[in-house]
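Contents: one structure, followed by commentary.
None of the figures in this text is laboratory data; all of them are computed from the coordinates on show. The structure displayed is predicted, hence computed values, not measured ones. Note: ideal-geometry Cβ built from the backbone for every residue, glycine included; neighbour counts use all protein chains shown.
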Amino acid sequence: MIFGLFDNDYDEDGFRTCGVTGMEIHRTAENHVKVFGLTAVVALLVGGFFSIGVSMTRWELVGLLGSESFYKWLSLHAWNLLIFWMVFMEIAILYVGGPMVLGRRLPITKVAKLGWGTMVTGALVINYAIWTTSAPDQAPLLTSYAPLPSSPYFYAGAIVFILGSVLAALPFFVTLWQEKKWGEGGSLPLVTFGAFATAIIAVEALVGGLIAFVYAFLWRIEFLGSIDAALYRQLFWTIGHGSQQINLVAMVTVWYFLTHVVGGAEVVSEKVSRTAFVFYVFFINLGAAHHLLSDPVVSSGWRIWNASYAFYGATFASLIHAFAIPAGIEAGRRKRGQGGGLFGWLTNAPWSNPVFSATVFSIILFGFVGGITGVVMGQLQLNMTWSRTLATVGHFHGTVALGTTIAFMGLVYFVIRTMFMRDLAFGRLASAQPFLYAGTMTFATLMLMYMGLLYSVPRRIHSVVREIPGSDFSLSAAEPLMMIFGVFALLAIVSGAAFLIVALASLLLGERKVPGADLVPDGGVNFESDEPVHKFEMRGTFVITLIFLAAFLAVYIANWYFLSRLWEIGP
Amino acid sequence: MGSPIKPPDEENWWDVPVNRRESIWLGLSAIFSVGIFGWMSAWTRIGDQNPIGETYEISTEEFQEKVEGYMDEAERLDGAIVPPGDDVYVAGIRFQWRGLPVVVETGKTYRFHLGSYDVQHGFSIRPEDVLSQHTNLAVLPGYEWVIEMEFDEPGTYHVICNEFCGVGHSSMHGRIEVREEVNV
């Protein structure tokens, strides 16, 4: 049965033409995308399972786990979702954006396989190390902040996983090199360009991570006598935040790809969108400094310069995509005669297709929830009121759950239909799943933010709302919000499970079905028209982005107001 | 056709005009980006809340001596430390805050010396009655961070450790008592 998942028909040279995208797909590229994608889904299953213990412990009414287990579950939740689910998907995205889009075979497949095996080994070792943590070691959470020791196997696993990721990314770089050497010349497709930007940012992050974990490993095995806590923080965040920037850039690339193939979107300006990716390459990794804003040691000038991505160069790039992608949908659909008033292009879009709905929810929620809060909490002074509270957890559920995870869920649905060629099981549930997950997770995320900002509830803590052990004081004022959070967290877990059920049932039991009209936008993917795309109306998008900017300003001003109410801190 | 999975239609795609509304958006975005940079930067000069202060490298032993010496020297009021001068020492050690509870006066600028005897901690303060007013600063072993604070409202301010420091982390709590006058 498992091998039945790899039996598409290819011509003598190993190619087939995709009925949806028109891409020439080679067997090697397709099979590796499938393997990395499936592995990512397994990581989602594991990490999603651990979210039960995390949320149901923080919801102190339930209080599922004891202190020691809680921190282990939290660590496993973080590593499986934030790292393994994302990075396996991102390697698959590199193989889609590189060889598939360019119509090439995947080069050096042995290296790709070795990379996969190494990554899986690293992931297993990390899971084992966290699960078997015992004193004096502590659960690492995501960061393993030295000098709090974690299991030596944990650092070793991290090093192995990072090396595996670098290996797995190599075939992508070789593909681009081949394309430039033997291809027809000219510019790369935008999706390939975005994947290239992702890969550059990834290598920076991975090299930084390698240094951080080798340093910590050598200290942990007592080769080095001591470790500098501040230096470790700075090194760790090159990968800690850098990996999240990989998620972001990969997600934006997926947005361009999926809005086009299932929504009929077009690139309204190659110049503008490509410039935005170049801005990411230059500036986005500076954002790692966000994690050192409320820290000693680093100077204020260093913090302001880096955390602002050099005058907000990366924020500017994201604002560009925030317009360009919906505008692509709007102009593309107007061109196909699917306009109709200000928002007709959006309301009459294929919302019952989960690939489309997931992509659009990801765009909207990443922007409004994850993006705005990220910039706000990334300001030097505002960071003091966000840092290490549940509001931070709210922020990154806005980015990686509401943004990246929903986009990747859409991509998995797409891969199931177009590469595995399986009908989506439980059709209605599949159509509803992005709505359910987006809705419930948004509520859970907002509650996290409110609890953090309005009631100062810390993150990474076993219990603090109902009772602080050994103290009369507690943060029980946050209890009502915690109740709402608990319910919506449960619903979000159920909605996430619905994704896994649909995906796995489709793969294992679904009928083979050649993808066709159910995925293709009105008028087909390659709809031709004489009118250039930039001449179509983009007023609906303009209104949406103005609303976005207004929301941004409102959140920004509210946060500064809260800050200004504080007592005097600093010179 | 502007497909993202094909090379651009126009060879000279750089010269293709940009839609007017997209151009306006680019302008707004640029103004916004520079604007929030400017505000953040200006607040370090005109604002009263900035996580800025001198950092000193210091060994754990030296810092411990300083803090314990300060505690020995200081008088007590209702079980809380009364700082002899303008300096207040607070050190994290799993799972308590050395130097807390401390009693301080409103309207007086104190230099808080933050550090740790063992691992990283999070120094998170909020007044008992207004939980939305809180601040969170990192505390690192090997470093002494001197950061000024001046409280204007009297009351009990609770300090919680909000960086994971081990399994007993959630019990790490201390107090800052802010009074209009401190008479020993």
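Here A:K113 is the anchor, and the lysines within straight C-alpha reach of less than 23 Å, apart from those fewer than 8 places off in the same chain, are A:K34. Taking amide hydrogens as placed 1.01 Å from N in the peptide plane, the amide H of B:S124 sits under 5 Å from those of B:L137, B:I160, B:N162, each at least 5 positions away in sequence or on another chain.
Compute for region A:31-87: radius of gyration divided by Kirkwood radius, i.e. Rg/Rh, restricted to C-alpha atoms, rounded to two decimals. Rg/Rh for region A:31-87 comes to 1.13.
Computed from the C-beta positions of A:V514 and A:S471 and an R0 of 60 Å, the FRET efficiency is 0.40 to the nearest 0.05.
Highest mobility in the GNM of chain B, judged by mean-square fluctuation with C-alpha springs under 10 Å and restricted to B:G99, B:G155, B:G79, is found for B:G79.
Summary of the geometry: region B:100-133 and region A:488-506, compared by the centres of their Cα atoms, lie 43 Å apart. Estimated from helical segments only, the mean residue ellipticity of chain A at 222 nm is -21000 deg cm²/dmol, where each DSSP H run of four or more residues counts as -39500 (n - 2.57). Between A:V502, A:L380, A:M451, the Cα set farthest toward the positive side of the dipole of region A:360-520 (charges on each charged residue's Cβ, about the Cα centre) is that of A:V502. Converting the Cα gyration tensor eigenvalues of region B:54-179 into ellipsoid dimensions via √(5λ) gives semi-axes, longest first, of 20, 18, 13 Å. Among residues other than A:V465 with Cβ under 11 Å from its Cβ, the summed charge is -1 (Lys and Arg +1, Asp and Glu -1).
Between A:D530 and B:N12, the C-beta separation translates, for a Förster distance of 30 Å, into a calculated FRET efficiency of about 0.95.
The angle between the Cα long axis of helix B:20-46 and the main principal axis of chain B comes to about 20°, on a 0 to 90 degree scale.
Counting, for every residue in B:125-132, the Cβ atoms of other protein chains within 10 Å of its Cβ and taking the mean gives 5.
For region A:116-161, the convex hull drawn through the C-alpha positions has a volume of 55 cubic angstrom per residue. Provide, as a two-decimal number, the C-alpha radius of gyration of region A:360-520 over 2.2 N^0.38 Å, N being how many residues it has. For region A:360-520, the normalised Cα radius of gyration comes out at 1.25. Remark: mean inter-chain Cβ contacts per residue of B:105-112 equal 1, using a 10 Å Cβ-Cβ cutoff to other protein chain atoms. Each of B:G99, B:L137, B:M172 was scored by the projection of its Cα onto the charge dipole of region B:54-179, and the greatest displacement toward the positive side belongs to B:M172; charges sit on the C-beta of Lys, Arg, Asp and Glu.
Rg/Rh, computed from the Cα trace of the protein assembly as shown with Rh as the Kirkwood radius, has the value 0.99.
Computed across region A:260-375, the Kirkwood hydrodynamic radius from all distinct Cα-Cα pairs reaches 16.0 Å.
Cβ-Cβ distance of A:V487 and A:T132, R₀ of 35 Å, FRET efficiency by 1/(1 + (r/R0)^6): the value works out to about 0.60.
Taking only alpha carbon atoms, region A:123-217 gives an Rg to Rh ratio of 1.17, where Rh is the Kirkwood radius.
Per-residue ellipticity at 222 nm from helix content only, as computed over chain B with -39500 (n - 2.57) for each DSSP H run of at least four residues, stands at -7500 deg cm²/dmol. A simple spin-label model places the labels of A:R565 and A:T347 3.9 nm from each other, with each point 7 Å out along Cα-to-Cβ.
Taking the C-alpha atoms only, the angle from helix B:60-73 to the longest principal axis of chain B is near 50 degrees. Amide H contacts under 5 Å for B:H173: B:W97, restricted to partners 5 or more places along the chain or on a different chain, H placed in the peptide plane at 1.01 Å from N. Taking B:M149, B:M172, B:M40 as the candidate residues, the one with maximal mean-square fluctuation in a Gaussian network model of chain B, Cα springs under 10 Å, is B:M40. Membrane-span-like helices in chain A, defined purely by DSSP H runs whose alpha carbon atoms cover 27 Å or more axially and whose average Kyte-Doolittle hydropathy reaches 0.5, are A:27-58, A:109-131, A:152-182, A:190-220, A:242-263, A:427-455, A:479-509, A:539-564.
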